[in-house]
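A quick write-up on the structure given underneath.
We did not get these values from a lab; they are worked out from the coordinates using the rules stated. Predicted model, so just to flag it, every value in this text is computed and none were measured. FYI the Cβ positions are ideal-geometry reconstructions off the backbone, even for glycines, and counts take in every protein chain you see.
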Amino acid sequence: MAERFADLVIVSAQFLTDHGRLTKQDPYIAFEYNGTMFKTTVKKRAGLNASWNERFRLKPLRQPNELFLQAFASNLITDDFIGETGMVKLNELGLGQVESEMALWDKDKQKRGVVKINIHMRDHETSSGAES
């Protein structure tokens, strides 16, 4: 059986609250996979709407194949947690591409926005990108 790979594209996010202190917030999305932390670039002064279209190559898929995407607002001293998605179970996805819009929830289970992602599952490596 061929090893499976996933290309995860963080497309964009829309937030319900701006965590910026003096200007619009500077958001980014982060997640952990196979013990490695990944994050998008920080979108300076994006405020409530941020676009990334950043691709991450996750290879090979191993158990557990679960991701939680977390959104943060970058600050000089500490970053503010905005929210996180529910679990993304990569091992339950078939081959091909899945587009999804996932809710971001804060620690009090209040909705704080949505993040759009694309996941392309494949049996072999065919393109470049950030690697795990």
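At a glance:
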{"item": "GNM top mover of 55, 21, 45 - the chain, alpha-carbon springs below 10 Å", "result": "21"}
{"item": "Size of charge dipole - the chain - debye, nearest 20, with Cβ of Lys, Arg +1 and Asp, Glu -1, no other charges", "result": "300 debye"}
{"item": "Under the Karplus curve 6.51 cos²θ - 1.76 cosθ + 1.60, θ = phi - 60°, whole-Hz ³J(HN,Hα) for region 40-48, x wherever Gly or Pro sits", "result": "6, 5, 7, 8, 4, 6, 6, x, 7"}
{"item": "Within region 1-32, backbone nitrogen closer than 17 Å to the virtual label 7 Å beyond the Cα of residue 53 toward Cβ", "result": "8-14"}
{"item": "Across 59/89; 43/109; 39/59; 89/116; 43/107; 24/111, pairs whose alpha-carbon gap is larger than 18 Å", "result": "43/109; 43/107; 24/111"}
{"item": "Fluctuation leader among 98, 115, 11 - the chain, Gaussian network, Cα springs under 10 angstrom", "result": "98"}
{"item": "Linear extension gain, residue 22 paired with residue 75, 0.36 nm per residue minus alpha-carbon span", "result": "18.0 nm"}
